[in-house]
Every structure is written in C-alpha cells, then in structure tokens.
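A short write-up of the structure that comes next.
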C-alpha cells in the first residue's frame, strides 16, 4: 500500500470537479496512511470527521498586500508538506495543480527525494498567458516525475509545452455510480417549475461563465420554438453570467420556457440528470479558456442521458460524437440548434446514445476504476 501526501487547495466541501476528484480517489486507495493538505474552509469539520484519510487544514487565503498575493499560500503549503514528509516518509507526493501545489511539491521533493505527480486539467495550461506564472507552471510540470492529464486534449497541450511524453499518463476523472445512476425518484422536480412529465426537458449545470455555452443554448431554444418544437430548458448553477443570461431570457421572451434555478443541492443533481431528456453544455473556447474535460457529461452519462457538447477543449474524451452524444461547434447558434433538434426529435437515437453513454461510464469512469489507475501509477514510481 502506498503512503501518499496529497496537496490540493480544492477539496470538499468546496464545490467543483477537482475537489470531488481529490476526495473520491484517495479514500479508495487507503486510510490514515494517506495525508491530504488542503484549505481551511467553512463546514470542513463535518467532511473531515467522516473521511478515511488524514486531512490537514491550513489557511490558504491570499494576502492582497503581498507580492505575489499567493506567497503566504506557498509558504504554508511548503512548511506543512515538509514537516509531514520528514515525519511520515511518503512513497509519493501528488499535487492537484502545477501552481501552487506542484511547485511546492517539487521544492519539498528536492529536500526529501520523493517522487512527484502533478495533475493537469487543461484550462490552466491555456489561460495563464506566457508571463512569470506560465513559466513557473511549466517549470513545475517539466520537473514532475509524472503528470496525470485528464484528457487527450490536455496531453496534447502538454506536449506543445515540450513536456516529455513518457512522463504523461492519461487518467480520466470519474463519477460515483452509486449516486449518479438511472431510475432515481424525480418526484417534485418538474412539478416545481410547472413542467409536465410528457414535455421534453433539456438540462444544463455548471458555473455560469461564457465558455460553458448556456447563452448559445438560450438562443438555440428560441430558434427551435420558432420551428414549433416544444421543449423546456433548465439551467442550474451560479456565476458571473447570471444577469447576462437573465437578460437573454427576457430578450427572447422565454420566461415560461427557460428556467434558471441557481445552485442545486448535491442530492438533487442526480435527480435532475434523471428527469431530463438531454443534457447540454455546448462549450466553446474564449480567449484560450476552454473545457479541459467536462465531468458533468460523465455524470449525465451515468444516468443514461445523451449529451450535447461543444467541440472545443477536452470534451471529446467525455462525449464520443455519434456514440454517447453529439459534439458541435459551440460558437454557432445554428450548430447548437441542429444538435439539439436531433436529440429531441429522434427518440430512438437519443435512447441509444444514452445507453452507450451509461455502458461506457460503468466500464471506464467509476471512481474505483480511476483509483485503480492511480494506484498502478504510484506502483510504477516506487520501482
């Protein structure tokens, strides 16, 4: 069994795919011999009390008057990681991002001679420009013993940064197939919005940011309604585009068609995935910012639903075009509308895509499968 140190700023109860990944994988790899250093956040004690790994919470807040603002974060990460590594003698250090975790892990490894694994998620590789932050990230990645890329797209981006291909391992993120599964009780969800059980429902969830494509979805819904295709559209999530999306809904007079419901409870997300007919997130790249993978597509697939995805970024690893869903050009409203029309009007196709998506998740994307791949990577580093 591998004794591992995990550095991750993001961990439950913080929302997001990275936080879930860190919490789900390592509890399947061991117990108290795995130590996780993460941020002290509200409601953390409830998570830590039931999590099987050793969780160490530290203050990782940025200090605005420092230059850089994150300097204190690096210092706190470093000293906590160094202390634990000297006393626990870990087999490997995992860093969930290149910055700040990966650079800190490299510094600790220089002292303790520990192998370092850094996760690459995709969007950070293309949105940090080419200044000092990018150079520090590239330095950390080039000095890692192994890099876990979450998709083929992320791997290709790393190769363009002159990262040695032999040090890159693709491990897709996973999903809890005991939570996200078909045939859950969805009573009350449609009813809460006045949506009939016989009405076609499209569902989206994610941070309300422009690259997710929810604005394009609203425009596409308006186009399909003009073609007399009946549907309802529900958007879950919070973010900077909330007012912008509300304005689009008003502009297209879709108040009775498009519902923006804000954040949803964790227990309700699988239920929304079950009650919809199609899951949609037609992502696009904006100023280098794109979707590194798209865990929500896998969550929808685990519920047996077909997905409409954009063709930018790493979504090709999450949604196989024509097999588990449809990928389209997210910059084109016409393309989004065409893909949505296909999934809503060709019921046999939608059912087949959803079944293929479910089968693929069961074989490739359970957290147990992800944990097994991670464990085998650790074993290679020990040899």
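Estimated from helical segments only, the mean residue ellipticity of the chain at 222 nm is -13000 deg cm²/dmol, where each DSSP H run of four or more residues counts as -39500 (n - 2.57). Axis angle, to the nearest 10 degrees, between helix 367-382 and the longest C-alpha principal axis of the chain: 30 degrees. Here the simple spin-label model places points 7 Å from the Cα toward Cβ, and for residue 347 and residue 266 these points are separated by 3.7 nm.
Taking a ≥ b ≥ c as the square roots of the Cα gyration tensor eigenvalues, the stretch 189-364 comes out rounded, since a/c falls below 1.5. For the stretch 130-219, the calculated P(r) over all alpha carbon pairs, in 10 Å bins from 0 to the bin holding the longest distance, is 12, 24, 27, 19, 14, 4 percent.
The alpha carbon gyration tensor of the stretch 120-164 gives principal lengths a ≥ b ≥ c with a/c of 1.5 or higher and a/b no greater than b/c, which makes the shape oblate. Annotation: for a label point projected 7 angstrom from Cα along Cα→Cβ of residue 375, residues of the stretch 93-130 with backbone N closer than 18 Å are 93-94.
Between the Cα long axis of helix 71-88 and the first principal axis of the chain there is an angle of about 60°, rounded to the nearest 10. One chain, two ends: residue 62 and residue 32. Fully extended at 0.36 nm per residue, the span grows by 7.9 nm beyond their Cα-Cα distance. When a/c reaches 1.5 or more, the comparison of a/b and b/c decides; with that in mind, is the stretch 61-201 rounded, prolate or oblate per its Cα gyration tensor? Cα axes put the stretch 61-201 in the prolate bin. The packing ranking, built from the mean of other Cβ atoms within 10 Å per residue, places the peptides 160-170, 98-108 in the order 98-108, 160-170, highest first.
Relative to its Kirkwood radius, the Cα radius of gyration of the stretch 148-191 gives an Rg/Rh of 1.36. Taking each residue as 0.36 nm, the span from residue 178 to residue 198 lengthens on full extension beyond its C-alpha to C-alpha distance by 4.5 nm. May I ask for log10 I(q)/I(0) of the stretch 282-383 at q = 0.15, 0.16 Å⁻¹, from a Debye sum over the Cα atoms as equal point scatterers with solvent left out? Each listed q corresponds, in turn, to -0.64, -0.71. Between residue 246 and residue 135, residue separation times 0.36 nm minus the direct Cα-Cα distance comes to 36.1 nm. In the chain, the longest principal axis of the Cα atoms and the axis of helix 214-226 are about 10 degrees apart.
A simple spin-label model places pseudo-atoms 7 Å from Cα toward Cβ; at residue 88 and residue 164 they are separated by 2.7 nm.
Every number here is computed from the coordinates shown, using simple stated rules; none is lab data. Predicted, not measured: the structure shown is a model, and the values here were computed from it. A quick note on method: Cβ atoms are made from the backbone with ideal geometry, for glycine too, and the neighbour counts reach across all protein chains shown.
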